[in-house]
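Notes follow the structure.
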Amino acid sequence: MNSLSSTQHWTTAADPELAVTTRGEVPPQDVTRAVRAITRVMRRHHLDSPARVRVTAPQGSDEPTLVQANIRTNDTLTRVQVTGPGGFAVTFAAERLDRQLARRAGKEARAAWPDPARRPLSRVTETRPIIRRKDCALMTGTPLEASTVLDAMDYDAYLFTDSDTGEDAIVTWADPHGVRLARQHHTAAAGESAGLPLTASAMPVRVAPDAAPVYAEDEAADVLCTAGLPYLFFTDTHTGRGNLLYRRYDGDLTIVVPC
């Protein structure tokens, strides 16, 4: 059988709640591997919920396969995203989802940061284009609530509106154990963050001591790429809102903008 090109959608008669979407030339055996691996994880955790898996084939021979899995349990979405060579990426995603669900159930602690399973995106490049724009209605909540979403969705950074200050803010993982909070304007000295509540994973929140920089979108793209950053939180020159610009696995950029 030839490999699958463009975008394909797959479901199985045995488990119609599990759907696999492929992008690019994904070998059929990788689709089968994804169905079996994710099904095993769901059975292990006694889940009978819709699951969606996306397998994106590499565009070049030296690039990895990207796998993303989403499962909704009790009206809560859990997501993992991981890269790897060929069919191994599916195995990596299933293992990561297994750990994610165990952690959500309180059976496993979060590993130290940086995550060795994540392909590093911090590299200096020429300025890359912003090819995707996400206009999002931001969650308004506390750093604790934002950190819970950060963990459940397997994000490196999460943009939200801080209910304590009314400012746009992000939470990110801090090295080695903890969460870093950065707001648009309101800052705190390092010692002041000790009184903040712990995250759902019992990790302390550290408050960034500097206000977010102010850029236009093209300026932010220049800074991110020339400084070798994986993401950049900034206040938009024109709107005054906090934006999150981040590097994709293909090297291009996505921007998250409050709507």
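The values are calculated or read from the model by the stated rules, or taken from the named source; none is laboratory data. The shown structure was predicted, so the numbers you read here are calculated from the model rather than taken from an experiment. Please note: Cβ atoms are built from the backbone with ideal geometry, for glycine as well, and neighbour counts cover all protein chains shown.
Things worth noting here:
- First in segment 51-66 and over 16 Å from R248 (Cβ atoms), second anywhere and assigned to a loop (DSSP other than H, G, I, E, B), Cβ under 8 Å, 6 or more apart: A51/E17
- Scan of segment 242-259 for residues that are of a type in the set (A, V, I, L, M, F, W, C), outside any strand (DSSP E or B) and within 16 Å of the chain's Cα centre (by Cα), ordered by number: none
So that you can scan it fast, the table gives a plain yes or no per residue for (1) at pLDDT 95 or above; (2) assigned by TED's automatic domain parsing to the domain that holds P213:
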position	(1), (2)
P114	no, no
R118	no, no
K134	yes, yes
L144	no, yes
S147	no, yes
L150	no, yes
F160	yes, yes
E167	yes, yes
A182	yes, yes
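- Lone qualifier among D210, D218 - being among the charged types (D, E, K, R) and modelled with pLDDT of 95 or more: D218
- Residue check, A146 farther than 24 Å from A57 by Cβ, part of a helix (DSSP H, G or I) and over 17 Å from the mean Cα position of the chain (by Cα): no
- In segment 232-259, the residues that are under 21 Å from G24 (Cβ atoms) and among the β-branched types (V, I, T): T254
- Residue match in segment 84-95 (condition: under 17 Å from W173 (Cα atoms) and at pLDDT below 85): no
- So D115, is it part of a loop (DSSP other than H, G, I, E, B) and in contact with a Lys or Arg (Cβ under 6 Å, 6 or more places away or on another chain): no
- Strands (runs of 3 or more DSSP E) completely within segment 7-75 that count 3 or more residues being within 16 Å of F92 (Cβ to Cβ) and at pLDDT 90 or above: 51-56, 65-73
- Only one of L77, L150 that is hydrophobic (A, V, I, L, M, F, W, C), under 27 Å from P258 (Cβ atoms) and buried (at least 18 other Cβ atoms within 10 Å of the Cβ): L150
- Residue match in segment 156-167 (condition: over 27 Å from H45 (Cβ atoms), touching a His at 6+ places or on another chain (Cβ under 9 Å) and crowded, with 16+ Cβ neighbours inside 10 Å): yes
- Each residue in segment 224-241 was checked for being under 18 Å from the mean Cα position of the chain (by Cα) and assigned to a strand (DSSP E or B), and 3 of them qualify.
- The residue that is surrounded by the most Cβ atoms within 10 Å (Cβ to Cβ), among those in segment 13-62 that are over 18 Å from T83 (Cα atoms) and of a type in the set (V, I, T), is V41.
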